[in-house]
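Remarks on the structure that follows.
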Amino acid sequence: MSKNKPQNPACADKLKTLADSTRLAVLEILMEGPKHVTDLNTVLGLDQSLLSHHLKVLRDAGLVKAVRDGKAVLYSLAPGVDLSQTGKSINLGCCQLNFD
């Protein structure tokens with residue numbers, strides 16, 4: 001029995017990253033616009049270190065970017081993660097995720 005190779009391994013990696021409900025929630029929050037960690041944590045209510053871990057995984061996957069903003073860090077959707085005109089879906093380049 002042979003295994004089929006994924007057509008787009010980068011897409012599969014992005015989808016694996018988003019299979020975690022916390023990371024998916026972070027992405028959905030960032031669809032509203034850039035946020036500081038404290039803003040994200042107000043909504044999510046996670047331990048700071050756990051949120052930082054999830055943000056690192058999202059950065060490593062190329063889904064979010066971080067920019068130093070004084071002493072804080074501002075997170076936003078990464079270039080290539082395109083928000084739809086309705087603001088309810090994002091295009092990852094390999095597929096589109098809808099949030100309803």
Check your understanding: Got a number for residues in the range 47-83 being hydroxyl-bearing (Ser, Thr, Tyr) and touching a strand residue (DSSP E or B) at 6+ places or on another chain (Cβ under 7 Å)?
Key -> 2
Revision key, fill the gap. Just one listed residue, out of Leu46, Leu55, is modelled with pLDDT under 95 and either of a type in the set (Ser, Thr, Tyr) or in contact with a Leu (Cβ under 9 Å, 6 or more places away or on another chain) (or both), and it is Leu46
Check your understanding: Among the strands (runs of 3 or more DSSP E) confined wholly to the range 1-93, which include 1 or more residues that are acidic (Asp, Glu) and either touching a residue at least 40 places away in the same chain (Cβ under 8 Å) or loosely packed, with under 14 Cβ neighbours inside 10 Å (or both)?
Key -> 64-69
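The values are calculated or read from the model by the stated rules, or taken from the named source; none is laboratory data. Because the structure is predicted, anything quoted here is derived from the model rather than measured. Note that each Cβ is placed from the backbone with ideal geometry, even for glycine, and that neighbours are counted across all protein chains shown.
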